[in-house]
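One structure below.
What follows draws every value from the coordinates through simple rules; no lab data is involved. Only a predicted model underlies this, so the values are computations on that prediction, with no experimental measurement involved. FYI the Cβ positions are ideal-geometry reconstructions off the backbone, even for glycines, and counts take in every protein chain you see.
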Amino acid sequence: MALVDVTKSCLDSISQISEHIEGSVLYLDAGSTQSFQFMGAFPLLLNHGVRAVCSLENMCSLDTVVDWNANSDPGRKVVVITSRLLSDAHRYILRCLSTHQAVRCCTVFTSISEVAHSAYADSPLGTDAFHEYESLLVQDYEELVRKSKENSRQTEGSNLKDEIKLEDEGWSRLASSEEDLSRPEASSRARDFIEENLIADTEDVGKKLIVSVHHFPMILCPFSPRVFVLPSEGSVGEAYLSVEHEDALSPGLPPLSTGLPSDGDDIPPGAILTANFLYHLAAKMDLKMEIFSLGDLSKTVGKVMTDMSSLYDVGRRKRSAGLLLVDRTLDLLTPCCHGDSLVDCMFSSLPRREKATSFTHLKSSQTQLKHSPSNLERASLDVQIPLAKILREEDYNTDHFRLLENIEAFLCGLDSGNSASQVLDLINLKNKIHNEKPLQFENEVFSGSFVSTENFLGTPYLEAILDRRTKDGTILVKKWLQEALRREKITVNVKSRPGFATKSELQPMVKALAKTQSSLLRNKGIIQLAAAALVAVDECNSARWEAFISAEKLLNVVSAGETSQSLAAQIGDLIHKSALVGLHGQKNGKLEASQGLLSFQDALLLMISGYILAGENFPTSGSEGPFSWQEEQLLKDSIVEAILENPSIAKLKFLHGLMDEIETNLRNIKSEESKETSSDQIDIDDFDDDEWGKWGDEDVDNKDDSKEQVYGDMQLKLELRDRVDSLFKFLHKLSSLKSRNIPLKDGAFSAENNFSGDPYASRGLLYKLLTRILSKNDVPGLEYHSSTVGQLFKSGFRRFGLGQAKPSLADQNIILVFVIGGINGVEVREAQEALSESGRPDIELILGGTTLLTPDDMLDLLLGKSSYF
């Protein structure tokens, strides 16, 4: 029987819709683009006859001629694949249709099912969502065509997209676009081609647009055949997982598992969308799920999935599989720490692509009325691998000049009479390139990305390093580079040490392998991966990562002591050192921390880890928190002092509205100090008699001003202390994770139950959970969800004394673990280690999560703009 392969299932789903996408202009939104990029789907799309692939959010008028040649007809078939609710994508779909005026058939694929559309509170669509949307889209499009036809009689050359006005309630209004067909990139002949087709199409507007909407659930980001996360810019990944209440930490994290039942109306949208996604994922992979859950939100998701089951599911022949749902809030320490993982280090070091459009702001009017949080913005999974840095400096200018000369020749050949202005612009651009480095051009053109299907002799690169430690992963990348150079018959003079892989060894290999275009194309997979590894092992990134590891190791060792005093002192020392680093950087005109030193935000992240550790080891040290009043007061004073001395180091959400006052106060203090210094240098002989007479009056005025200044300083410090007090109340909540999360109360997953003697070598919750499950030990709080049909059959058989025992997750040959809230690279390795140590090679383990979490992401979720604090 074939092994379970998430990537293959995604690619097979694309092949199943081949008749819909053949001969079409395909539009992908940002979430679908992330998914298709990771699964390596773009060559497959072209093989199935797609004429062009365009961006839905960033579409422009030139998309109408993107696949144009002398014998081509204007595209009459448009396909849209979106990872969002139809209500969110509507504005962009409508703009797409208004630009492609020749279109006669529009097919929309959405990853959100009809059931999810009707269950989602902010969606205006009902139970028959797809048919409702088909009618709505045709209606809006015909209205646009009618208005455009009326305006065309009055004004020549008006563009349809400038007339888009959405009056339907529940739909956001489309923002006006500044793009038009007069862009310098479009030649006059190309514009004539567009205008001729637009004129011809306006005569044919009476033809009805055919719209069809389908469900396409396989929009996910597979890192390997058995590890995946959801797109960071899709509705499922961005939907909030908890509403704001006492047990909630962040909209991007599940609430604490207190065991209190939740009302149906209080189910967060993220739970509904996640349940629908997992249900249809299992259906696409022909898996019949036995559902288990750990955590309150996971239980809610399990119940929603159970309610979706039917007799149809029971009758189909599917492979049996176990689904384990786990709340991220049961283990916040693992994603907050900087573990030994090459993939985690890469994603923390590499820059991310900026989001083109924020759907959060587009629908804020509706969410504000309901007093519910808007969709959160997660960090993009689409990293920018700096491939341009592997080229030599002289190669930049050579490549840019060649590209500009080709564009110039194209413009001259296309329309020799009207391209003078474009040629002049290119000449000016050449002169600019000669004088300065075109950074924006490099980032846009020479940036690589991760593709899970790129492989070395059948072994996917990303899968092979996903569960590797940093040193092992870089050595493996070095081995692949050496093999690639051997195949290309390229010799590189590099001193190589066995068992080590440094930047000085990897960089010459990458440059040599990318020297020619043919070699670059043949080896693009390993070149991109090696370039990403170079960024991760670069000294500026690796030094900070190592500093974090050292600090976290020290916190773990100190927390294993008998009292909390040493741990509190260590946290205070980290805050003090980070404040000194910030002051040093301010004096030097640099806001970033020096190489290998931690910033104030870094110290706050370590403080979060310290409080979680303190809550596990010293739960009764203080009346409210894990530390005594004196210990905590010293920590508060350190934070207040650090913020007052350098406000720029603490741009966090809990200081919102207070930063300007703190910075103004700091400037006033510095100006007063400079005045006092200058006044001390004034000679007493410079005063005349009149000035001596007025001196007493000025002294009275200065005293009044100083009193007002002292009063303002006191008010500011009191306000700041109140904010810091609220910060520590939030830290108290984090320290109570063990006591308030019911599955953790009995200590089944605590550090002392770990098999390793080294406290820093303690594993995360996922490892401990899988170890207990695979050894068939009891797991406190683990709940099994029996389907409605299953319960019916069991109750019927029980009458005859034939009741069945509760199934065990360890009896399944396929186990899918999904962490609601996100996973990281360390957990992928630990899950594989737990499976290997269980002695069960027959089990196929699939690991998924809401997103890929880095420590910086956790800081943003807990203390940043994505926090409820």
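Observations, loosely collected:
- Net charge, L605 excluded, C-beta distance under 13 Å - Lys, Arg +1, Asp, Glu -1: -4
- Protection proxy ranking, highest mean first, for peptides 772-780, 274-282, 319-327: 274-282, 319-327, 772-780, where packing is the per-residue count of other beta-carbon atoms within 10 Å, averaged.
- Protection proxy ranking of 520-526, 252-258, 471-477 - average other beta-carbon atoms within 10 Å, highest first: 252-258, 471-477, 520-526
- When each of K318/K806; K77/K865; K147/K865 is checked by Cα-Cα distance, pairs over 31 Å: K77/K865; K147/K865
- Residue-count net charge about S496 - beta-carbon cut-off 12 Å; Lys, Arg +1, Asp, Glu -1: +3
- Its residue count N fixes a reference of 2.2 N^0.38 Å for the stretch 91-144, and the Cα radius of gyration divided by that reference is 1.21.
- Ordering of 136-149, 91-104 by packing [mean C-beta count within 10 Å, highest first]: 91-104, 136-149
- Stretching I843 away from D266 to a fully extended chain increases their span by 204.1 nm, per 0.36 nm per residue minus the current alpha-carbon distance.
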